[in-house]
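Below is one structure, written out as structure tokens; the observations come after it.
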Amino acid sequence: YASRSAHCAIYEVHPEVGDQVTVLFCAARDVHRPHLFAQIGLERCLADELAAIQQSVLPGVKPQFRKLLQSKGLSTSWRRTDEYLGDMVTALWSADEEQDRYKITNAIASVLLIIPEIVGINYPSVASSLQGLNLCMPPDQADRLFSPCEAWTVRIEERREQISGTQDRGPFYRTTFLRRSASIEEDGHINWVDIERDYPIEALLRVRKIPA
């Protein structure tokens with residue numbers, strides 16, 4: 001499991017105040033070769049990076065795809081299946097049901113991965129109130145396609161359910177960045193360096209507002 005942003009990844013582990021969370025950033029081994037991910041529920045996702053494609057590119061709204069479904073008499077069954085899978089991956093779960101949520105996304109991914117050339121699935125992040133995007137893929141595919149490039153450790157300083165000036169749903173976290181990787185060795189060992197106290201990124205963060 002991975003997320004498209006560091007903030008979304010932090011939300012996914014449901015941190016408590018005082019927790020230290022390490023986020024690993026990975027880069028594609030071959031940036032010139034596209035990889036295919038099955039898309040589930042992305043029309044419900046509020047991530048900024050999807051705004052430009054949700055009205056025209058996603059399968060459910062793409063004219064060519066809709067015409068193909070109609071020609072094969074599959075429009076209704078496809079829509080119902082798509083809605084069902086979207087409901088499953090965006091369902092709200094209590095803390096003690098969290099492992100069941102992962103079992104469901106695992107089961108969905110295992111079926112979709114039978115499709116040739118599909119390497120994983122994309123779906124909205126429930127932990128970030130659908131404002132982030134998650135990836136699910138087998139570990140061997142992740143090792144083949146991505147390599148670790150940097151790691152950060154942050155400490156959760158404060159949690160609020162709401163803050164003034166926004167109608168977005170919480171929780172909101174205030175974080176302090178503690179250290180970053182100087183290098184990551186082939187065996188996975190991370191060499192760390194501490195971050196100066198006056199490092200400028202410390203704020204109440206939302207997933208959609210990624211600091212520069």
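The values are calculated or read from the model by the stated rules, or taken from the named source; none is laboratory data. Only a predicted model underlies this, so the values are computations on that prediction, with no experimental measurement involved. Cβ: placed from backbone, ideal geometry, glycine included. Neighbour counts: every protein chain shown. Protein only, heavy atoms only, side chains kept; ligands, DNA and RNA dropped before computing areas. Shrake-Rupley method; radii C 1.70, N 1.55, O 1.52, S 1.80 Å.
Within the stretch 1-57, the set of residues being among the aliphatic types (A, V, I, L, M), open to solvent by 60 Å² or more (accessible area, probe 1.4 Å) and in contact with a Phe, Trp or Tyr (Cβ under 9 Å, 6 or more places away or on another chain) comprises 17, 24.
Okay, residues lined up against (1) at pLDDT 90 or above; (2) under 15 Å from the mean Cα position of the chain (by Cα); (3) acidic (Asp, Glu):
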{"residue": "54", "(1), (2), (3)": "no, no, no"}
{"residue": "62", "(1), (2), (3)": "no, no, no"}
{"residue": "77", "(1), (2), (3)": "yes, no, no"}
{"residue": "89", "(1), (2), (3)": "no, yes, no"}
{"residue": "92", "(1), (2), (3)": "no, no, no"}
{"residue": "96", "(1), (2), (3)": "no, no, yes"}
{"residue": "105", "(1), (2), (3)": "no, yes, no"}
{"residue": "110", "(1), (2), (3)": "no, no, no"}
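Would it be correct to say that residue 139 is surrounded by fewer than 12 Cβ atoms within 10 Å (Cβ to Cβ) and at negative phi? Yes: the conditions hold for residue 139.
Applying the criterion of being in contact with a Phe, Trp or Tyr (Cβ under 9 Å, 6 or more places away or on another chain) and of a type in the set (Gly, Ala, Ser) to the residues of the stretch 178-194, the residue that is farthest from residue 23 (Cα to Cα) is 182.
Results for (1) more than 22 Å from residue 108 (Cβ to Cβ); (2) at pLDDT 90 or above, shown as yes or no for each residue.
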| position | (1), (2) |
| --- | --- |
| 6 | yes, no |
| 11 | no, no |
| 14 | no, no |
| 17 | yes, yes |
| 20 | yes, yes |
| 24 | yes, yes |
| 27 | yes, no |
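Can you confirm whether residue 129 is among the polar types (S, T, N, Q) and on the phi > 0 side of the Ramachandran plot? The answer is yes for residue 129. Within the stretch 143-172, the set of residues being at pLDDT below 85 and in contact with a strand residue (DSSP E or B) (Cβ under 9 Å, 6 or more places away or on another chain) comprises 161, 162, 163, 166, 170, 171, 172.
Evaluating residue 109 against the criteria (1) open to solvent by 50 Å² or more (accessible area, probe 1.4 Å); (2) part of a helix (DSSP H, G or I) leaves one unmet condition, (1). Going by the conditions given, is residue 178 part of a strand (DSSP E or B), over 28 Å from residue 90 (Cα atoms) and in contact (Cβ under 8 Å) with a residue 12 or more places away in the chain? Yes: the conditions hold for residue 178. Among the residues of the stretch 60-77, is any in contact with an Asp or Glu (Cβ under 9 Å, 6 or more places away or on another chain), over 25 Å from residue 139 (Cβ atoms) and surrounded by 14 or more Cβ atoms within 10 Å (Cβ to Cβ)? Looking for residues that are in contact with an Asp or Glu (Cβ under 9 Å, 6 or more places away or on another chain), over 25 Å from residue 139 (Cβ atoms) and surrounded by 14 or more Cβ atoms within 10 Å (Cβ to Cβ), one finds at least one in the stretch 60-77, hence yes.
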